[in-house]
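As structure tokens, the structure follows; a few thoughts come after it.
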Amino acid sequence: MADSESEHNSIHRNFYIPTYILAPNASSNSLRLPDVPTCPVLVFVNSKSGGQLGGELLRTFHHLLNKYQVFDLGEEAPDSVLRRLYLNIERLKGNGDRFAAEIEERMRIIVAGGDGTAGWLLGVVSDLKLSQPPPIATVPLGTGNNLPFAFGWGKKNPGTDLNSVISFLKQVMNAKEMKMDSWHILMRMRAPKVGSCDPVAPLELPHSLHAFHRVSPSDELNVEGFHTFRGGFWNYFSMGMDAQVSYAFHSERKMNPDKFKNQIVNQSSYLKLGCTQGWFFAPLVHPSSK
């Protein structure tokens, strides 16, 4: 019991963010901590990633931290969360709140999901052009997890129990910050003569394309008869057959989430799509792709 209480106090001392920092309408009188936490974290979880693991991870983080600092990406987009938070921090700093200023300086973000989810958060933080952008740690909760693997967070889906999550929080606190390259790209596609090139509901573009926007008709980059897009990416950018397979996987998972329960099943499904739509058998199954 004593050890459990000591661990709980340690979590509060190191990672907990008071409610008045997170919720603009909360009172600042009764919710203060004696000291600024060592490593205040915002946690974003893609509850649909990793089969059932996303939901389990969300519940564990809610148990350990302030419920207002843990967000389900299926319920609220990260751009609205971060805009609201940083506007509130600026308001508090303007009122002379040094605690809020220290929180901003020490804050780190944890994002649990696949490479697309991590790219979504990176895009949002980049778009906000913050004076002190928080470093982002990635929990490998997707199918490939190439981005978390490249930065030392591993490739396998993590444990979601209390001890595993506490261990991960401590890794985040002690982690070294590293810079990451970002890339910008301009794309043009011929406008269809009939209909739209947008996905048909309930399908939608993956969140990893968050940073891509269609240029306006008055933009000098716009070319008549074409749709022109500009944006950025961090991990990798796929075109052609590779992109076709990735989007087929995304669409299938969107339409049939019950079929994607764990990392091994997901990887098997991706391999199957790669064989039928990708490099190996595409000329046989889809002669037009040859």
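Quick notes on this one:
- Selected residue (criterion: nearest to L58 (Cα to Cα)) from residues of region 20-46 that are at pLDDT 80 or above and of a type in the set (A, V, I, L, M): V45
- Only one entry in S126, S167, S80 is modelled with pLDDT under 90 and in a helix (DSSP H, G or I), namely S126.
- In region 87-124, the residues that are without any contact (Cβ under 8 Å) to a residue 60 or more places away in the chain and in contact with a helix residue (DSSP H, G or I) (Cβ under 7 Å, 6 or more places away or on another chain): K93, A101, E104
- For region 210-220, the set of residues classified as hydrophobic (A, V, I, L, M, F, W, C) and at pLDDT below 75 consists of A211, F212, listed by residue number.
Rundown of residues vs (1) loosely packed, with under 10 Cβ neighbours inside 10 Å; (2) at pLDDT 80 or above; (3) part of a loop (DSSP other than H, G, I, E, B), yes/no style:
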residue	(1), (2), (3)
I185	no, yes, no
M189	no, yes, no
P192	yes, yes, yes
C197	no, no, yes
S208	no, no, no
N222	no, yes, yes
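- If you filter region 117-158 down to residues that are open to solvent by less than 40 Å² (accessible area, probe 1.4 Å) and small (G, A, S), you find that the one that is nearest to the chain's Cα centre (by Cα) is A118.
The values are calculated or read from the model by the stated rules, or taken from the named source; none is laboratory data. Remember, it's a predicted structure, so these values are computed and weren't measured experimentally. For neighbour counting, all protein chains shown are included, and Cβ atoms are generated from backbone atoms with ideal geometry for every residue, glycine included. These area figures cover heavy atoms from the full protein model, side chains too; ligands, DNA and RNA do not enter into them. Shrake-Rupley method; radii C 1.70, N 1.55, O 1.52, S 1.80 Å.
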